[in-house]
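Some notes on the structure that comes next.
The values are calculated or read from the model by the stated rules, or taken from the named source; none is laboratory data. The shown structure was predicted, so the numbers you read here are calculated from the model rather than taken from an experiment. Cβ sites come from the backbone with ideal geometry, for glycine too, and all protein chains shown count toward neighbours. Each accessible area value is taken on the protein alone, full model and side chains, heavy atoms only, with ligands, DNA and RNA left out. Shrake-Rupley method; radii C 1.70, N 1.55, O 1.52, S 1.80 Å.
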Amino acid sequence: MLARIIADYNEAVFDTDRERALQIVRDAERQGISPEDLVFKVVLPAMDAMVNALSDQFSVNLAQHFMTAQISDAVTAEMIPKFHQAPEVAGRVVIGTAYGDMHTLGKRMVIGCLRARMVEVTDLGVNVAAERFVEEALAHDARVIAISALMLHTATGELGCRKVRRLLHERGLEDRIKIMVGGAPFRFHDGLYRIVGADAWAPDAISAGKAMAELLQEVKK
Amino acid sequence: MITGMDRLTAAIRGEEADRIPIFCNLLDQGAAELGVSLQDYYARGESVAEGQLRMLRKYGHDNVWSLFYVGKEAELLGCQRILYSAEGPPNVEDFVIHSWDDIARLEVPADIPSHPAFTEVGKCLQILKNEVGGKNPICAYITSTMTLPALLMGMEKWMELLFAGPPGPCEELLRKCHEFFVKEVAAYRQGGADVLIYSNPFGSADTVPMKYFLQRSLPWIEKDIQAVGAGGMVYYCGMARLNSVLSAVIERTGIGACYLSPLDDLAVGKRLIGDRGLTCGVINDIQLISWTRQEIRQEVKRILDVGMPGGRFLFGTGVMPLMIPEASIRAMLEAAFEYGSQGGKGA
Ligand code: B12
């Protein structure tokens with residue numbers, strides 16, 4: 001039965017049909033599939049399948065990406081309170097768009113994918129100053145500061161990620177807090193994340209979930 | 001003397017000039033050239049026109065721009081707040097549409113040329129027309145019906161409305177954006193723009209699934225182009241890829257030029273367009289911030305080697321980021337002039 005559910009769910013996600021995907025999950029729950037299985041055997045593998053499709057150069061478009069992030073987020077939010085045991089949190093993260101940047105779509109998609117992977121995310125909103133990124137990371141005991149930037153000047157500007165790096169360095173926080181970046185400019189320029197002083201990046205929201213899990217593992221050590 | 005317009009016309013006809021046409025899209029750079037802030041620069045049509053003319057004299061490429069920044073279109077539709085930066089292009093700070101209810105209240109200006117948000121653009125066009133009209137292609141940037149809502153309500157809300165929202169408000173918004181589109185094209189043409197960049201990221205299969213493109217995007221593209229005519233129109237997806245859609249677009253609209261993404265396979269794009277139109281091969285100008293002179297020359301050569309055989313080819317850039325070093329702009333153009341030279345008259 002699970003195989004059927006997985007197939008139907010994947011199809012709904014690839015068709016960007018949010019309502020149908022949610023319906024499939026709810027029906028499955030009614031048929032006795034546990035909330036844990038729905039998250040770990042249906043939702044997360046569907047995200048992984050998409051990561052694989054991406055790396056195999058299959059064309060996954062923005063709409064599919066957006067819907068996957070939204071659906072995964074919605075399903076996990078609905079299922080987690082029903083878990084028999086609270087799930088283990090994979091780590092804490094703060095996220096915002098870079099200073100001077102008002103573009104929210106990428107951030108929202110990343111948040112959806114992170115939450116589905118049991119990462120606790122605090123959304124700092126748009127146009128976030130470097131000082132605030134660091135203060136909020138400390139206040140929330142976050143291990144990663146995630147910065148989204150849609151334009152080259154907000155990705156590479158002196159007041160964005162570079163400044164967050166400088167602040168972490170000055171305050172001796174570099175071992176405790178890592179920086180992850182993403183957004184259109186990073187997709188157009190190889191190695192740009194290193195130039196701006198980040199520790200990691202991901203080309204899309206679904207891969208961001210995986211990359212974040214790895215980065216969090218690294219800081220835990 | 002052979003002009004930029006001669007080169008463009010020759011390329012469109014499949015003939016040779018002294019070299020291929022070269023479009024180098026330098027917008028924010030004009031402010032630095034005039035020694036003023038971006039905010040002061042974009043406040044006056046005279047400055048923008050002067051900036052464009054100086055860019056042309058300085059670098060010797062073929063085109064000038066009447067575009068200030070893309071957010072201008074939102075201002076024409078009621079946006080009151082633009083966020084300026086010293087380091088890059090101005091952005092819409094406050095959306096015109098906050099909730100679906102705002103769609104009913106959205107007003108398309110009755111007359112664009114007399115709209116206060118167009119006054120400075122109009123002045124800029126006038127100067128460009130007087131100074132270089134007919135000699136250098138004057139470009140205008142027009143956002144398509146399908147994409148304009150992203151600028152009015154943000155990508156996030158637009159994706160939501162488009163894919164999961166109620167059809168009523170969605171259709172109403174598209175109808176209004178189409179009405180605006182038609183008026184805007186007329187205003188720019190009347191002002192003297194020759195090349196109209198039809199910007200449509202929502203007409204790329206990077207943004208929407210192919211099935212969706214055929215069902216929803218393509219009919220709107222057809223409607224847009226039918227309403228204004230294909231003359232001077234260039235299909236462009238905001239640097240998203242367009243190889244997979246361009247045949248459909250050419251066949252259904254008669255558009256005569258496609259401005260590819262640097263992420264498209266140029267050889268494939270060129271083959272698909274063939275003799276049906278002008279192929280614009282575009283360099284990844286974000287990499288220009290760190291490529292060496294040698295890397296830049298190599299990349300320009302690669303693009304021209306692929307694009308030039310068979311003619312009907314233009315070399316272009318995206319909207320060049322401000323932080324590209326001047327020397328790199330020169331290196332790119334030098335290479336394009338050199339490798340792009342042809343045997344035609346004026347050589
Ligand atoms: C659609 C689009 C537009 C639309 C809509 C813009 C809007 N309101 O959002 C329109 C046509 C209106 C437009 C206008 C402009 N645009 Co535009 N646009 C695009 C396009 C095609 C897609 C952008 C997009 O929204 N993608 C969808 C989002 C979700 O993708 P994303 O941000 O990359 O996020 C994904 C990943 O990067 C990642 N991610 C994002 N954040 C994070 C964070 C972390 C931590 C991680 C790990 C991952 C991650 O996950 C996300 C989901 O997979 C890109 C080119 C391209 N192919 O990317 C240009 C692009 C972003 N635009 C660009 C520019 C310059 C502009 C303008 C500033 C032009 C101008 N001079 O006015 C204006 C700004 C308008 C404004 N806001 O006022 C440039 C930016 C680079 C630069 N030169 O600075 C781009 C890259 C094009 C280019 N190559 O030149 N644009």
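For region B:300-317, the condition of being more than 16 Å from the ligand (Cβ to nearest atom), β-branched (Val, Ile, Thr) and assigned to a loop (DSSP other than H, G, I, E, B) holds for none of the residues. Number of residues in region B:261-316 that are under 20 Å from B:Asp206 (Cβ atoms) and of a type in the set (Ser, Thr, Tyr): the value is 2.
With respect to the numbered conditions (1) of a type in the set (S, T, N, Q); (2) farther than 21 Å from B:Ile225 by Cα; (3) buried (at least 22 other Cβ atoms within 10 Å of the Cβ), which one is the sole condition not fulfilled by B:Gln294? Single failed check for B:Gln294: (3). In region A:102-119, of all residues being closer than 20 Å to A:Val164 by Cα and open to solvent by 20 Å² or more (accessible area, probe 1.4 Å), the one that is nearest to the ligand (Cβ to nearest atom) corresponds to A:Gly106.
Results for (1) among the small types (Gly, Ala, Ser); (2) within 10 Å of chain B (Cβ to nearest Cβ); (3) closer than 25 Å to A:Gly112 by Cα; (4) open to solvent by less than 20 Å² (accessible area, probe 1.4 Å), shown as yes or no for each residue.
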{"position": "A:Asp123", "(1), (2), (3), (4)": "no, no, yes, no"}
{"position": "A:Asp141", "(1), (2), (3), (4)": "no, no, yes, no"}
{"position": "A:Ile145", "(1), (2), (3), (4)": "no, no, yes, yes"}
{"position": "A:Leu150", "(1), (2), (3), (4)": "no, yes, yes, no"}
{"position": "A:Lys163", "(1), (2), (3), (4)": "no, no, no, no"}
{"position": "A:Asp175", "(1), (2), (3), (4)": "no, no, no, no"}
{"position": "A:Ile179", "(1), (2), (3), (4)": "no, no, yes, yes"}
{"position": "A:Ala184", "(1), (2), (3), (4)": "yes, yes, yes, no"}
{"position": "A:Tyr193", "(1), (2), (3), (4)": "no, no, yes, no"}
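State which residue is nearest to A:Ala49 (Cα to Cα) when the search covers only region A:1-38 and only residues that are polar (S, T, N, Q) and modelled with pLDDT under 90. In this case the residue turns out to be A:Asn10.
Inside region B:151-170, residues that are out of contact with any Ser or Thr (no Cβ under 8 Å at 6 or more places or on another chain), open to solvent by less than 20 Å² (accessible area, probe 1.4 Å) and within 16 Å of the ligand (Cβ to nearest atom) make up a count of 6.
Taking first residues from region B:139-151 that are in a loop (DSSP other than H, G, I, E, B) and partners that are of a type in the set (Ser, Thr, Tyr) and near the ligand (Cβ under 9 Å from one of its atoms), the Cβ contacts under 8 Å between residues at least 6 apart in sequence or on separate chains come to B:Ser144/B:Ser199; B:Thr147/B:Ser199.
Between B:Gln80, B:Gln52, the distinction of being among the polar types (S, T, N, Q) and open to solvent by 40 Å² or more (accessible area, probe 1.4 Å) belongs to B:Gln80 only. Counted as qualifying within region A:124-221 are the helices (runs of 4 or more DSSP H) with 2 or more residues that are touching a Lys or Arg at 6+ places or on another chain (Cβ under 8 Å) and within 13 Å of the ligand (Cβ to nearest atom), namely A:205-220. Applying a threshold of 9 Å to beta carbon distances and a minimum spacing of six or more residues, or different chains, the list of pairs starting in region A:158-180 at a residue that is in contact (Cβ under 8 Å) with a residue 12 or more places away in the chain and ending at one that is basic (Lys, Arg) and surrounded by 14 or more Cβ atoms within 10 Å (Cβ to Cβ) reads A:Leu168/A:Arg176; A:Leu168/A:Lys178; A:Arg176/A:Arg143; A:Ile177/A:Arg143; A:Lys178/A:Arg143; A:Ile179/A:Arg165.
Checking each residue in region A:130-139 for being open to solvent by less than 70 Å² (accessible area, probe 1.4 Å) and aliphatic (A, V, I, L, M) picks out A:Ala130, A:Val134, A:Ala137, A:Leu138. The residue that is nearest to the other protein chains (Cβ to nearest Cβ), counting only those in region A:83-101 that are more than 17 Å from A:Lys210 (Cβ to Cβ) and crowded, with 18+ Cβ neighbours inside 10 Å, is A:Gly100.
For (1) touching a residue at least 60 places away in the same chain (Cβ under 8 Å); (2) within 14 Å of another protein chain (Cβ to nearest Cβ); (3) in contact with a strand residue (DSSP E or B) (Cβ under 8 Å, 6 or more places away or on another chain), each residue gets a yes or a no:
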site	(1), (2), (3)
B:Lys301	no, no, no
B:Val306	no, no, yes
B:Pro309	no, no, no
B:Phe315	yes, no, yes
B:Ile324	no, yes, no
B:Ala327	no, no, no
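Within the option set B:Leu272, B:Leu288, being more than 21 Å from B:Gly229 (Cβ to Cβ), among the hydrophobic types (A, V, I, L, M, F, W, C) and open to solvent by 20 Å² or more (accessible area, probe 1.4 Å) holds for one residue only, B:Leu272. One residue stands out among those in region B:171-210 that are away from chain A (no Cβ under 14 Å) and over 21 Å from the mean Cα position of the chain (by Cα): the one that is surrounded by the most Cβ atoms within 10 Å (Cβ to Cβ), which is B:Leu173. Filtered by the rule that a residue be within 14 Å of another protein chain (Cβ to nearest Cβ), surrounded by fewer than 16 Cβ atoms within 10 Å (Cβ to Cβ) and either acidic (Asp, Glu) or not in a loop (DSSP other than H, G, I, E, B) (or both), region B:88-118 gives a lone residue, B:Asp94. Annotation: of all residues in region B:322-333 being open to solvent by 20 Å² or more (accessible area, probe 1.4 Å) and of a type outside the set (A, V, I, L, M), the one that is farthest from the ligand (Cβ to nearest atom) is B:Arg330.
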